[in-house]
């Protein structure tokens, strides 16, 4: 059981917690939510025993039964990964003791006390499942995306994001009875995140988690605690339930606050009217005491109502970027090869893949920040790209203030609009007058993103733009992107964000690029079906696997020929169909262009004829799309089978 009773905590003049109470039963799964700065991380630190309350009580399991994953990266040291993980799982001292006892027993095998101690240490290691630890560690590391052989590498060989994964792996392997997780998904790619969800689904202990990943919270938690105005409000459901119920609760509180305000006003009027009347003195004193006892209803002010709208986009050509046979290499490292696809005006495309697959590389190529090592990437007519990455903060003028940076870019906006947008991106009050040079990494990243969004462009390429945004800002940003009439390519690990935004997914997997015409949910479902076909070494039923290199090559050639034959059969139907659809699409664009011509619009008969032709053309396109989708699915299934 975790319990806080009437917790009070102050930082200087600021009251962070006041009469805060929270109880999480054994086996409970709690999502901790609230605005940035509400105190969520501090509350988790209180539960972990790393911060003390000024007043109130905290009841938690013993420290050795609790595991805490902080957002801040701790120094891991130069130890090998396996030694670091064993130390965190309390195995290292036991193994050291075991080796020491083995050396002593080798010198004096008849010492019964040594043998007894040896048995006890063995039993402790067995109780921790220590004899299978390396196998379990390898499995956890693989699930979190580490390459084979990582157990024997030094912790110092990994970057900050991978070190955070090591911290998470250590916590999972220690298997404490209670886990406190502060943004555990921040450094995970989609596949690692899905693996973590599966791992935690089987976890039988108590879980308290802070996360900006709505889908993760929905899957992992049964209750939601909202931290606001220094107190906790508990909702008996996951994050989606909380979103619905918190709106109802606020509406009810607002009505109750109005009733209370009216009652207070009447009481104050009575006191003022009869304050100096001797015959009413007793009643006046009674009303004054009544007022003092009233606990005023507090309602958290609405978050910023800023709306983010993109500047009008200059119209680009229909084909924004054409990629043909593109590859990218860095020395001997091939990131991807044979990439071919075309991005069209107005499309919103998600670029996905595991960490290290090449998403950032491809995004730089699409934004014309780099050139391919082979093949071509051609920019369409009147395309104006804008590119955001985690390095975009380097383009800020460190001599400017936040306000000066935004003013220089958003010069067409009013002062009120600029302040509102800065507030939406978590810059408020005196923060807007801070020099860029003193901002944190996250603040610089948000400012760099806001500057890019305010600059005129018609082709946005955004690499992990939501990393430093809270939920409210992320929602604002998502709505702005949905209203963006240019073309968008976005890299993000936030599945909810992508699902509602992108209508096409491009995946980089094992050096190849795959194209899915659907949203993120469609991509997940479709990829799962395709991966079922990708069973390396699978042979036809009853067929023995090739036993020699010559037979293996013959078998591969046979399968390549079979794939080519099936592909050609599909293309016989698909080629003419796509040509006809393209002709109809061109005709549709011509008609729509004519309907924008003032001279045409002045001729009602011609407008009527064009409208009829437009409806017929759209109907022809729609009638051909089901067959096109079927053929594309069949072609995709053939092309994604392993050779």
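The numbers here are math on the coordinates, done by the rules we state, and not lab data. What you are looking at is a predicted structure, and each value in this text was computed from that prediction instead of being measured. Neighbour counts are summed over all protein chains in view; Cβ atoms, including those assigned to glycine, are modelled from backbone coordinates with ideal geometry.
Sorting 35, 418 from the fewest to the most surrounding beta carbons within 10 angstrom yields 35, 418.
Note on the range 426-496: percent of Cα-Cα distances in each 5 Å bin, starting at 0 and stopping at the bin with the largest distance, equals 3, 13, 26, 26, 17, 10, 5, 0.
Classify the range 198-281 from the C-alpha gyration tensor, please: rounded if a/c falls under 1.5, else prolate or oblate depending on whether a/b exceeds b/c. Verdict is prolate for the range 198-281. Using the alpha carbons alone, the radius of gyration of the range 243-293 stands to its Kirkwood radius in an Rg to Rh ratio of 1.25.
For the range 586-631, the equivalent ellipsoid built from the Cα gyration tensor has semi-axes of 27, 10, 4 Å, listed from largest to smallest. The base-10 log of I(q)/I(0) for the range 54-115, evaluated at q = 0.13, 0.29 Å⁻¹, reads -0.63, -1.20 [Debye formula, identical scatterers on Cα atoms, solvent excluded]. Of the Cα atoms belonging to the range 409-465, the radius of gyration and Dmax stand at 11.8, 34 Å.
The alpha-carbon atoms of the range 319-532, seen along their principal axes, cover 54, 35, 32 angstrom, with the largest extent given first.
Using 0.36 nm per residue, how much length does the chain from residue 52 to residue 231 gain when fully extended, once their Cα-Cα distance is taken away?
Length gained between residue 52 and residue 231: 62.8 nm.
Can you work out D for the range 136-209 in µm² s⁻¹ from Stokes-Einstein, where Rh is the Kirkwood radius over C-alpha pairs, the temperature is 4 °C and the viscosity is 1.567 mPa s? D, rounded to a whole number, is 102 µm²/s.
By the beta-carbon count within 10 Å of each Cβ, the least crowded to most crowded order of 214, 100, fewest first, is 100, 214. For the chain, the share of DSSP beta bridges that are antiparallel, to the nearest 5, is 55%. For the range 1-49, the direction-averaged projected area of the alpha-carbon convex hull comes to 3.7 nm². Share of Cα-Cα pairs in the range 355-443 beyond 16 Å, in percent? For the range 355-443, the fraction of Cα-Cα distances above 16 Å is 65 percent. Taking the square roots of five times each eigenvalue of the Cα gyration tensor of the range 65-201, the equivalent ellipsoid has semi-axes of 32, 16, 13 Å, listed largest first.
Between residue 197 and residue 249, the simple label model (points 7 Å from Cα in the Cβ direction) yields a spacing of 2.5 nm. Neighbour counts of C-beta atoms inside 10 Å place 66, 1 in the sequence 1, 66, starting with the fewest.
Once the chain from residue 204 to residue 482 is taken as fully extended at 0.36 nm per residue, the excess over their C-alpha distance is 96.1 nm. Separation of the range 475-496 and the range 189-205, taken as the distance between their Cα centroids, equals 26 angstrom. For the range 398-438, the pair-distance distribution built from all alpha carbon pairs, in bins 5 Å wide starting at 0, is 6, 27, 35, 24, 8, 1 percent. Using only Cα atoms, locate the centre of the range 388-411 and the centre of the range 155-169, then give the distance between them in Å, rounded to an integer. Distance between centres, Cα-based: 31 Å. Convex hull volume per residue, computed on the Cα atoms of the range 120-279, equals 212 Å³.
Cβ-Cβ distance of residue 292 and residue 240, R₀ of 45 Å, FRET efficiency by 1/(1 + (r/R0)^6): the value works out to about 0.65.
At 4 °C and 1.567 mPa s, grab the translational diffusion coefficient of the range 169-212 from Stokes-Einstein with a Kirkwood Rh over Cα pairs, rounded to a whole number in µm² per second.
Stokes-Einstein gives a translational diffusion coefficient of 118 µm²/s.
Just so you know, the averaged projected area of the alpha carbon convex hull for the range 310-400 sits at 7.7 nm².
When Rg and Dmax are taken over the Cα atoms of the range 109-149, they come to 15.8, 48 Å.
In the range 577-597, which residues have a backbone nitrogen under 18 Å from the label point lying 7 Å from residue 608's Cα in the Cα-to-Cβ direction? Taking a point 7 Å out along Cα→Cβ of residue 608, the residues of the range 577-597 whose backbone N falls under 18 Å are 595. FRET efficiency for the residue 565 to residue 595 pair, using the beta carbon distance and R₀ = 45 Å, is estimated at 0.45. Based on the Kirkwood approach, the hydrodynamic radius assigned to the chain is 29.8 Å, with every pair of different Cα atoms included.
Per-residue extension of 0.36 nm, minus the Cα-Cα distance of residue 13 and residue 624, leaves a gain of 213.2 nm for this segment.
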